[in-house]
Each structure stands twice: as C-alpha cells, then as structure tokens.
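A short worksheet on the structure shown next.
The values are calculated or read from the model by the stated rules, or taken from the named source; none is laboratory data. Because the structure is predicted, anything quoted here is derived from the model rather than measured. Please note: Cβ atoms are built from the backbone with ideal geometry, for glycine as well, and neighbour counts cover all protein chains shown.
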Amino acid sequence: MPPGGETVARKSFRFVSLLLASLSLPFATPLAADEFRSPSLTALRIDWRAALDQLRTEINSRPQVAGDFIFVPRRSVPRYDARATPALVQLNAVSSQFFTGIARSAVPVLLPFDAAAYLDAQRSGAPSSLSLSRYQADFNPVDMFDAGPAGYSASFSLEPGAGDGMPSRTFARPVEVQITGSALVYDIADPAGGKGEPVKPLAAIYPDLRKFIREGYVRYAFSRFGVAYVVSIQCLDSVAKPRRLACKEAYPVAERFLKALRIAGGHRMRPLMEIASDVIDRPAARSADFSYRPSGDIIPNTGYRKQGGHPDVMAYAQIRFPLEKVPAFVRSQSYAKRDNERPTAYPWRDNFCESRSFEVWQCSGGYGHQGEDIRAADCPPPGEAREPCDPKQRSVVAVRDAIVIRGSKDQAATLEVNSRTEHIRFRYMHMNPQAMNADGLLNGRLVAEGEKIGMVSNYLDHPAGTSMHLHFDVQVFTRDGWIWVSPYTTLVSAYERLIRARGRETGPEVAGAAQPVAHALPEDVVKPDLREGSSSEEN
C-alpha cells in the first residue's frame, strides 16, 4: 500500500460504518436515542524520504548554497530525533525566522517561500531591507501560521496589482490565501466529498490536484508525501465587485500560490494513530432542569426552502462550554418568535440548519446556519439576584487550549486545536472587536481552556447589528479542507460536563412547559481569569 494510502475496500467499509452510525439506520448497530459518539479519524503515513528528495532538488537549484545542506542521515541518533535529518534542521533554522514554530509540524510544510533563493541572496550580499515578498512570489509576509503534531495552517495575502503577469481584477482588496497540510483526516459521511475538476496547467506538478467551490471557498486539494493539503480562498461564484471577490478572480491567485510552494520545514515524528468512533461517556446523575430537543429538530419551516434539520449524534470534541456561567440556552435568535417557548428557557433547540445564505454540506439543499446561537440567561428581577447581573457582561471563554486565528478588524475569533488526536477549529462570532483587540486576541495568541476571551455581544458589521448572543461553530479537517459540522451534540455534551449532570432529551410530543432555571457551577470548578477588557458598546 502506498504511503498514506488506503485500500478501496477499507475506505468503503469506513464510509458505510460512519454513515450507519450517524444516521442510526435500523440495520446499523443500534444506539440509544440519546447516546453520543466521538468522531473517527484517519492517520496518514508520511513519506519523509520523498520530502527530503524534493528538498534536495529545490536546494540544488542554487549551487552557491547547496553545499551548506547535509542530506546524509545521521544513523547514530534515534530515527525520530531531529538530528537524524540534518537538512531539515538547517531548513527549519532559516524558516523559523518568518514562520514561528515551523519545526513543530509533523508533516512537510509547503509554503510559497523559496528558502534557497533567500539564502542565495543573503550569500550574495543582498540588503536586509529587501521585502520578504521577493522570496514569496509577491505574497505578503504570513498573516497566521500554526504548526503542531497534526500538521500546519497558514494564511497569506496578495495585494491588488502585485505579481508579474497577474490579470487585473475588480476586487480592490488583498486576497487572502489559506493552506493547511494535515496527517489527520476526519472521517465524515460526506456525499459531496472528493469531487472536483483537474487543473491542467498544474497537472505536471500536482497529478491528483482537484479544484472545486465548496462552502464559500474555491479549494485546491492534493496529496503529497502521503499528506493531505488544501489551498483555499473565500469567494463568491458570482459577478466581481470592488468589495466582493469573485471566484474567477481568485483562480489565478490560488494557482500562483500553488506554483510557488516549496518545502519550508517540518520535523519527522512518530506516526499518528488512527482513532475509531465510540460511544462517549456522560454523567450518571440526571439534571432536574436541563432538557434538550434532539439534534436536527429545528423550528418547523425555518430550514432552507422549509426543509428540516440534520440529525448528527457526533460530539466532535470534548470541550469546555463556551459561556462562563450557567444557565445558558442554545436557541434561535433569528426565528425565536416562531417558537412557542422562551428563548432563555429549556429545552434547548438545534438551529444549525436554519435558513441562511451560507453553504453547509450537512443541511438539506446545501444551505444553513453553520453553527448554533447561544444565549445567556436573563438577569433576574430586582431583589432576586444573588450577585450583580449585567446583561452586557456575560463572559465567553476558550473551549480548549488553542491558538487564535483572528485579524484586528474581525468580530469573529477562531480557536484551532492541533494535536496528535485532533485537528479542529471552533469559531466565536458577534463579540466586540475593540475589546478583543485591547486584550490581544489576535493571530498567533495561545489561550488556555476556560480563559476569558470576550463577552456575549451584538456585533455584526457594526454594534447592535444583531441580538445579544454568541454564534458558535465547529470545523474539522477533511480531504476537502475545513468543513462545517453540526456543533449541537458537542455543546450538549459540554454543558452536561459543566453542570455534572445528564440532560433529558425531549421531543415535541412530550415537551413540557418551558421554565427558566438557575444552575450553579459545582463548587470545586476552577473559575477562569476574569480580567476585564474595554467594551465600546458601553460608550
């Protein structure tokens, strides 16, 4: 079997098994109505010998520096010791000046950075003032870079008018290009996965390259050294406008990026282990208050073209619930008036597939909400509060130890987990961007699980652009890149761990009258840091 490969029979068996588990079909292994599963992941096998061969070819293109690199392996050190591949150690030393932590990547890092050309210029006495973009095919210095045991992610941008031979475009802003290389691939029953068309001008470089538009991004997926790589640009498959990038304008930018990719670093580590899906443990004690409707049970007629939701029993990660305090409520903020229950009362109700203009593969018709709306509890009436209650001071916390992906103008912040067992993203939306900037919640910051990262707010493109709530969503890495999955079961599971009690699943036919509740955290739960940031909504 080739490195990183799987037999057709094995892939088919995995797909069928997951499909049966996620849909709970009658002939699948039966699950109780309220049991949750963990996801299954495939661990790819990396061909480091092929990566070193490519690196040698790239370095040898600059004879002046080729002699500086040592490609003869050192057999006196352990196989997975960095010193066993001295050429990679040397390359990481150069690249880490621009891509912090690149040696932590367990896969060969492909970036539009020509290390050989950079070293050759330095050897020739090139002035240090020369722009890094000179060695990056005119792409700006990296905006975000994260490397870890599962692989790496990075984003670059190309200014309007930059790049020799690039066609002119209507879009007047820099185009952001993202790349992820991963040795962990989530196995999801995805009928839309694996599709795309070849890119003939790049076929000689990337024989299995496929191009496709999916969930708002044009994507270029390929494999190399047994690793899954995806290059993507957010765009609309429509007419170009100065403030809206058309996918046709994105194609030449992405293809310029792909042509410029070189090995920039990485470190050979012990192979990752495949992870099988399993039923997850839940608290034994039953909550007297917490109840929730099943996954996929959205408010009637609120789905795309009045279609229903998507049942999904997967808890994609074991996380800390994203609001600091309970009670909290997963309830629609767009269609609350159609429901007969209070938006800040149990039972919870899934709103992942409510009608939106966003592409979401799991939702009927391909369009949906991408995530879940979460509301904090109302402040109690005067005289009933046990502690001060300010509806504008409901803390949002990190669900995991993670790296932050966020630009200074964004009202959304994404946390990425990159470990030997996970490659997953969690996005928070509608928080105050000025407060996040003041707290340094920007690209590259590391946050700890439970750490305060913002406040429940109402930002969209401006203050008061939406109601007071947190939008929370989840993306997992697949061979099609980062894909939205339903976070509903993940949130139910996280909430149960927070209150240390199992909720009661209730269907419409047995749902009782909704009632507000007042959970308290268990006394021995360590509360996160409550440092306060500025909030422009109060000014």
Is it true that some residue in region 77-90 is among the hydroxyl-bearing types (S, T, Y), crowded, with 18+ Cβ neighbours inside 10 Å and under 29 Å from the mean Cα position of the chain (by Cα)? no
Please verify whether region 94-101 includes one or more residues that are assigned to a loop (DSSP other than H, G, I, E, B), under 27 Å from R45 (Cβ atoms) and of a type in the set (V, I, T). no
The lone condition G365 fails out of (1) assigned to a strand (DSSP E or B); (2) more than 19 Å from F426 (Cα to Cα) is (1)
Any strands (runs of 3 or more DSSP E) falling wholly within region 123-231 and containing at least 3 residues that are modelled with pLDDT of 95 or more and not hydrophobic (A, V, I, L, M, F, W, C): 151-158, 175-182, 210-214, 217-224
Single match in S364, S419, S395, S408 (criterion: touching an Asp or Glu at 6+ places or on another chain (Cβ under 6 Å) and among the small types (G, A, S)): S395
Members of region 463-475 that are in contact with a His (Cβ under 8 Å, 6 or more places away or on another chain) and either surrounded by 24 or more Cβ atoms within 10 Å (Cβ to Cβ) or assigned to a strand (DSSP E or B) (or both): H469, L470, H471
Within region 217-231, track down each residue that is crowded, with 24+ Cβ neighbours inside 10 Å and among the hydroxyl-bearing types (S, T, Y). Y220, Y229
Go through region 210-234 and give me each residue that's farther than 17 Å from E176 by Cβ and touching a helix residue (DSSP H, G or I) at 6+ places or on another chain (Cβ under 7 Å). F225
Among the residues of region 334-352, write down those that are in a loop (DSSP other than H, G, I, E, B) and farther than 15 Å from L491 by Cβ. S334, Y335, D339, N340, E341, R342, P343, T344, A345
Just give me the residues in region 286-330 being of a type in the set (D, E), farther than 13 Å from L491 by Cα and out of contact with any His (no Cβ under 9 Å at 6 or more places or on another chain), in sequence order. D297, E324
Positions within region 296-325 being of a type outside the set (A, V, I, L, M, F, W, C) and in contact with a strand residue (DSSP E or B) (Cβ under 9 Å, 6 or more places away or on another chain), in sequence order: T302, G303, Y304, R305, G309, H310, D312, Y316, R320, P322, E324, K325
Could you please let me know if L442 is touching a residue at least 40 places away in the same chain (Cβ under 8 Å), in a loop (DSSP other than H, G, I, E, B), within 19 Å of K409 (Cα to Cα) and among the hydrophobic types (A, V, I, L, M, F, W, C)? no
Can we say R427 is in contact with a strand residue (DSSP E or B) (Cβ under 9 Å, 6 or more places away or on another chain) and within 30 Å of P191 (Cα to Cα)? yes
Considering each of T489, T478 in turn, give the residue that is buried (at least 20 other Cβ atoms within 10 Å of the Cβ), farther than 20 Å from D289 by Cβ and modelled with pLDDT of 95 or more. T478
From the list F171, F99, F145, pick out the single residue that is surrounded by fewer than 21 Cβ atoms within 10 Å (Cβ to Cβ), closer than 28 Å to T414 by Cα and assigned by TED's automatic domain parsing to the domain that holds G226. F171
Identify the residue in region 14-59 that is part of a loop (DSSP other than H, G, I, E, B) and of a type in the set (V, I, T) and, among all such residues, is modelled with the highest pLDDT. I46
For S238, indicate whether it is assigned to a loop (DSSP other than H, G, I, E, B), surrounded by fewer than 22 Cβ atoms within 10 Å (Cβ to Cβ) and assigned by TED's automatic domain parsing to the domain that holds T180. yes
When you scan region 100-115, do you find a residue that is acidic (D, E), on the phi < 0 side of the Ramachandran plot and more than 28 Å from the chain's Cα centre (by Cα), even just one? no
